[in-house]
Amino acid sequence: QAGARARGRARSTVARETRANGKADELAPLEQRVDLRVGRVLSAKRHEDAEKLYIEEIDLGEPEGPRTILSGLVPYMSAEDIEGKSVIVFANLKARKLAGIPSHGMILAASDASHENVELLVAPEGAVVGERVRFGESDEPQAEPQTPN
């Protein structure tokens, strides 16, 4: 995947993706391809048909209202551990059905090497719902993210 090859090149370096025909396509810098936003988890409930999935309603401050996002966090934390948290959401992913329900983004979490300890990436205190997570220096202008990919 191009994202894996581009890892660690978040500054203004342009990554390249090699297609099957051997030609390279230039990709926009990471900060333009990734739209990470602060979201507040309004609710989290277990999916009736998938033992590892939560169905979360997350407020990203969008006029359309909260997004439905599914996550495989059931083995690692309770719904109560997720509800009310200010989390970081990968917001420009194409909607994808998980166990029959469209998921409109991804909550970011981190784990140890064994994947036994998993924690949500939470926004710093005072972060505003819908605020975009910035790359680089805080006073540098940041380009608008690409549309869902």
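If each residue of separation counts as 0.36 nm, what is the full-extension length gain between Leu42 and Leu108 once their alpha-carbon separation is subtracted?
22.2 nm
Skipping prolines and chain starts, which residues have an amide H placed within reach, meaning under 5 Å, of the one on Asn92, given they are 5 or more residues away or on another chain?
Distant-sequence amide H within range of Asn92: Asp35.
May I ask you to derive the relative contact order of segment 52-108, considering only C-alpha pairs under 8 Å and at least 6 residues apart, and to give it as an integer percent? Present the calculation step by step, with values, prior to reporting the outcome.
Values: 84 pairs, mean separation 18.5, N = 57.
For segment 52-108, the relative contact order is 32 percent.
Just to check I understand the Karplus step: with θ = phi - 60° and J = 6.51 cos²θ - 1.76 cosθ + 1.60, what whole-Hz values come out for segment 124-133, glycine and proline as x?
These are the phi-based 3J(HN,Hα) values: x, 4, x, 5, 8, 4, x, 5, 7, 6 Hz.
Just grab the label-to-label distance for Leu98 and Ala50, each label 7 Å out from Cα along the Cβ direction, in nm (one decimal).
My value for the distance between the label points is 0.5 nm.
What is the gain in length, in nm to one decimal, between Glu125 and Glu26 on full extension, counting 0.36 nm per residue of separation less the C-alpha to C-alpha distance? Before the final figure, lay out each step's value.
Numbers: separation 99, 0.36 × 99 = 35.64 nm, distance 3.68 nm.
Stretched fully, the Glu125-Glu26 segment lengthens by 32.0 nm.
Where a number appears in this text, it was derived from the coordinates with a stated rule and is not lab data. Model, not experiment: these values are computed from the prediction. We place every Cβ from the backbone using ideal geometry, glycine too, and count neighbours over all the protein chains shown.
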